[in-house]
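A.B. asks: I am attaching a structure below and will ask some questions about it afterwards.
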Amino acid sequence: MKRNPNMGLAIVLIAFGAWLILGKLGIHLGPIMSYLIPIGMVVVGYFGIQRGSKLGWVIALLGIFALLGKMTTLFIILIAVAMIAFGVSMLKGTSNS
């Protein structure tokens with residue numbers, strides 16, 4: 001496939017059009033977008049860092065902090081599972097002697 005300068009714009013237009021149609025059909029991508037935007041910030045920041053830009057560091061750090069904020073629920077669930085597993089292992093380890 002031949003690459004032309006308008007290819008990126010065409011892909012963006014197709015993606016936004018599909019996003020609008022899915023929204024009208026009742027398939028909302030809000031929860032997915034809340035993760036994609038911080039991931040995109042990290043990626044853009046990475047490319048900025050590769051080019052030697054200090055702004056790249058700022059964008060990447062903001063994206064990382066946004067992702068950490070989104071993933072606190074996952075961290076809490078992992079901590080709760082670890083606490084339950086540790087408690088069960090403590091109960092199994094007790095002896096009646």
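Since every read-out is calculated from the coordinates, none of them should be taken as a lab result. As the structure is a prediction and not an experimental result, all values here were calculated from the model. Cβ atoms come from the backbone with ideal geometry, glycine included; neighbour counts cover every protein chain shown.
A.B. asks: Take the residues in segment 43-97 that are hydroxyl-bearing (S, T, Y) and surrounded by 12 or more Cβ atoms within 10 Å (Cβ to Cβ); name whichever of them is nearest to M33 (Cα to Cα).
C.D. replies: Among them, the one singled out is Y46.
A.B. asks: Could you figure out which of (1) part of a loop (DSSP other than H, G, I, E, B); (2) surrounded by 10 or more Cβ atoms within 10 Å (Cβ to Cβ) isn't true of N4?
C.D. replies: (2)
A.B. asks: Can you find a residue in segment 87-96 that is charged (D, E, K, R), out of contact with any Cys (no Cβ under 7 Å at 6 or more places or on another chain), free of Cβ contacts under 8 Å to residues at least 24 places away in the same chain and in a helix (DSSP H, G or I)?
C.D. replies: For segment 87-96, residues charged (D, E, K, R), out of contact with any Cys (no Cβ under 7 Å at 6 or more places or on another chain), free of Cβ contacts under 8 Å to residues at least 24 places away in the same chain and in a helix (DSSP H, G or I): present.
A.B. asks: Can you find even one residue in segment 11-30 that is surrounded by 10 or more Cβ atoms within 10 Å (Cβ to Cβ) and outside any helix (DSSP H, G or I)?
C.D. replies: Checked segment 11-30: at least one residue is surrounded by 10 or more Cβ atoms within 10 Å (Cβ to Cβ) and outside any helix (DSSP H, G or I).
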